[in-house]
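One structure below.
Throughout, read-outs are computed from the coordinates displayed, never taken from laboratory work. Quantities reported herein were computed from a predicted structural model and do not represent experimental measurements. Note that each Cβ is placed from the backbone with ideal geometry, even for glycine, and that neighbours are counted across all protein chains shown.
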Amino acid sequence: MAGKTSGKTAKVAKKTAAKPVLLSGGNPQIAKGYGDAPVKAYIAAMPGWKRDIGRHLDALIVCAVPGVHKAVKWNSPFYGVEDQGGWFLSFHCFTKYVKVTFFRGTSLRPLPPGESKVKEVRYLDIHEDGLDEAQLVAWVKQASQLPGERL
């Protein structure tokens, strides 16, 4: 009988361990990793409507920048181009929006709306009510052509 109980406990522990913890603002805690799998895990763990935004962002970036490199670092997906030497974009969940970070955002035209304390960084906050897809794709394409940020 003790074996049965420990077997059930092991199954419950396994299921619990597979589900990522949501940090402040609903941001998924995902282990650092490179490639598509950790980014897909991050997106799958995004809460509610933010998951759809995450899927949409990922699809737009992959379409706009064929061969884009992906990673999860600091509990955020990162996107980069190998020839550019680093990362051009990241996003992160907050309570009421998903924040897209353009690491060389001050070089984009028009400028993304969100200012940063970091000299070249600009932000785009995506709320549940939508986004300007054409503008986002234009910024992604521009950003992917700039020198990447080594992080």
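Worth pointing out:
- Selection over segment 95-149 of residues that are closer than 17 Å to G85 by Cβ and basic (K, R) gives a count of 1.
- Sole exception among (1) farther than 27 Å from K19 by Cβ; (2) loosely packed, with under 15 Cβ neighbours inside 10 Å for W139, by number: (2)
- For segment 102-151, the candidate set comprises residues that are acidic (D, E) and part of a strand (DSSP E or B); within that set, the residue that is nearest to the chain's Cα centre (by Cα) is D125.
- All conditions but one from (1) touching a residue at least 12 places away in the same chain (Cβ under 8 Å); (2) farther than 18 Å from V137 by Cβ apply to L89; the one that does not is (2).
- Some residue of segment 108-129 being under 23 Å from N75 (Cα atoms), in contact (Cβ under 8 Å) with a residue 60 or more places away in the chain and buried (at least 19 other Cβ atoms within 10 Å of the Cβ): yes
- The set of residues from segment 16-47 being crowded, with 19+ Cβ neighbours inside 10 Å, without any contact (Cβ under 8 Å) to a residue 40 or more places away in the chain and in contact with a helix residue (DSSP H, G or I) (Cβ under 6 Å, 6 or more places away or on another chain) comprises just one member, I43.
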